[in-house]
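Report on the following structure.
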Amino acid sequence: TCALPISTDMSQLFMPTVTITHAGLGRARGQLWAFVQKTPGLTNLRSAVLNRVGELRVPPERRFVPHIRLATLEPTPQRAALADFSVNESFAVQQIHVYRSELAAQGARYHVEGTIKLMP
């Protein structure tokens, strides 16, 4: 594991807030996601983080769908029928972990490459 080539702090004018809108099947196959409201502040924070970690060769930009991965679901008939459910929860983001994924026979493994603490 290599150390993240960025400082551990990132100054913000304010502490960003994340609002979870709903949970359900994610865009990645077999994943349960909590979908997050896309705001200009969150989009700007994402850009700032990507600028910080540019040396890590982040894959090319895909459509930004803010979410929190909750689980990987086993393939069952019930999973296909899983309906989204509404959630209305907000919280302040105090730190961001940057992960590296590694595909293995048992599934993906995730390694924390670094942590960025957000400072108001």
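The values are calculated or read from the model by the stated rules, or taken from the named source; none is laboratory data. Fair warning: this is a prediction, and the values are worked out from it, not measured in the lab. Here Cβ is always computed from backbone atoms with ideal geometry, including for glycine, and neighbour counts include all displayed protein chains. Note: areas computed on protein heavy atoms with side chains; ligands, DNA, RNA excluded. Shrake-Rupley method; radii C 1.70, N 1.55, O 1.52, S 1.80 Å.
Placing unit charges on the Cβ atoms only, positive for Lys and Arg and negative for Asp and Glu, gives the stretch 64-120 a dipole magnitude near 140 debye about its Cα centre.
Note on the stretch 26-120: with neighbouring protein chains present and a 1.4 Å probe, carbon and sulfur make up 53 percent of its accessible heavy-atom surface.
Taken per residue, the accessible surface of the stretch 35-120 reaches 75 Å², heavy atoms only and a 1.4 Å probe.
Here r is the Cβ-Cβ distance between Lys117 and Ala80 and R0 is 41 Å; the resulting FRET efficiency, rounded to 0.05, is 0.55.
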